[in-house]
Each structure stands twice: as structure tokens, then as C-alpha cells.
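*Asks:* The following block contains the structure, expressed as C-alpha cells.
Only the coordinates and a few stated rules stand behind these numbers; no lab work does. These figures come from a predicted structure and were not determined experimentally. In this analysis, Cβ positions are derived from the backbone assuming ideal geometry, glycine residues included, and neighbour counts consider all displayed protein chains.
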Amino acid sequence: MSTRDWQVGQDLPAQTYRVTRADLVRYAGASGDFNPIHWSDRVAQSVGLPGVIAHGMFTMALAGRALDTWAGRTGSVIEYGVRFARPVPVPDDDAGAQVVVGGTVRTVGDDRVEVDLTVTCGGEKVLAQARATLRRER
């Protein structure tokens, strides 16, 4: 799929990503974010969470990965912003959680495309006001 062919109102195909506790360990190592709410059910529950949750920035990165997939290349994202709406609970099993990223083309210009993102887990929106601007291929 190429951004040069995108049309206003076009729905981009949903991308589904599985998130496991092992992914959280790898992300913690890469990011340096070792907050125990991302690895300890006891600590997460003590602060009112349902259990271990994914890092917000990891969830945001999954949506960024969808943008690259839709664009058919890396390096096309010019601007990207979200508001963290809900946590992504990650169960302590092999199945993990599923994050689903959908997108709708908002605007198409000569050299840019704006996309509104819908990012959910378990049917609940986890990122709000999620929008990106991509460099449009010519």
C-alpha cells in the first residue's frame, strides 16, 4: 500500500499485535523503564490497577508500527501524538493481550497525509486523540 493512493475517509486495514509479559521485559530493558507496575501483579494491584500493564510508550510504538506497515516503509511519520486513555492489562500467560490498531485517512495533501488512529485492547480504547502525519509518496 502506498500513501500516494490514499483517499480521504479511507479505512486502513486493522493491525493486531500480541503483547506478552516477555515483550514487557524486553521493552523495559530497551527503555530503562523498570517500574514494577509493568512486571509485578502485587505492585500493580496495590496501586489500583487490574494487574501488570503494558508501558504506555510501548502501546504507542505498536500504533507507530501500524503506520509504517500501512505506508509500506519506515521513516514516513512526520508527526505523531496520542493521549493515554486506558492501560493495557497483560495477563501472565502465553496468550498475552491483543492491541488492535485501526486508521482512517483524515486529510490528503500534496506531500502529507493525516491519519486518525483507533487503538483498542479488549474492545476498550487505550489511546485517545491519536493522530499522525505521514510524508506522502509522490
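*Asks:* What number of residues in segment 3-49 are surrounded by 12 or more Cβ atoms within 10 Å (Cβ to Cβ) and assigned to a loop (DSSP other than H, G, I, E, B)?
*Replies:* 8
*Asks:* Just checking, which of 44, 14 is touching a strand residue (DSSP E or B) at 6+ places or on another chain (Cβ under 7 Å), small (Gly, Ala, Ser) and free of Cβ contacts under 8 Å to residues at least 24 places away in the same chain?
*Replies:* Values: 14 fails: free of Cβ contacts under 8 Å to residues at least 24 places away in the same chain.
Of 44, 14, the one residue that is touching a strand residue (DSSP E or B) at 6+ places or on another chain (Cβ under 7 Å), small (Gly, Ala, Ser) and free of Cβ contacts under 8 Å to residues at least 24 places away in the same chain is 44.
*Asks:* Name every residue in segment 54-72 that is surrounded by fewer than 19 Cβ atoms within 10 Å (Cβ to Cβ), touching a residue at least 24 places away in the same chain (Cβ under 8 Å) and more than 17 Å from residue 30 (Cβ to Cβ), in order of residue number.
*Replies:* The answer is 69, 72.
*Asks:* Tell me which residues, restricted to segment 56-91, are under 16 Å from residue 20 (Cβ atoms), among the small types (Gly, Ala, Ser) and more than 10 Å from the chain's Cα centre (by Cα).
*Replies:* Listed by number, the list is empty, since nothing qualifies.
*Asks:* A further question follows. Looking at residue 89, is it under 21 Å from residue 125 (Cβ atoms) and either of a type in the set (D, E, K, R) or surrounded by fewer than 12 Cβ atoms within 10 Å (Cβ to Cβ) (or both)?
*Replies:* When the stated conditions are applied, residue 89 does not pass them.
*Asks:* For segment 84-138, enumerate the residues that are of a type in the set (Asp, Glu), farther than 25 Å from residue 74 by Cα and either touching a Pro at 6+ places or on another chain (Cβ under 7 Å) or in a strand (DSSP E or B) (or both).
*Replies:* 124
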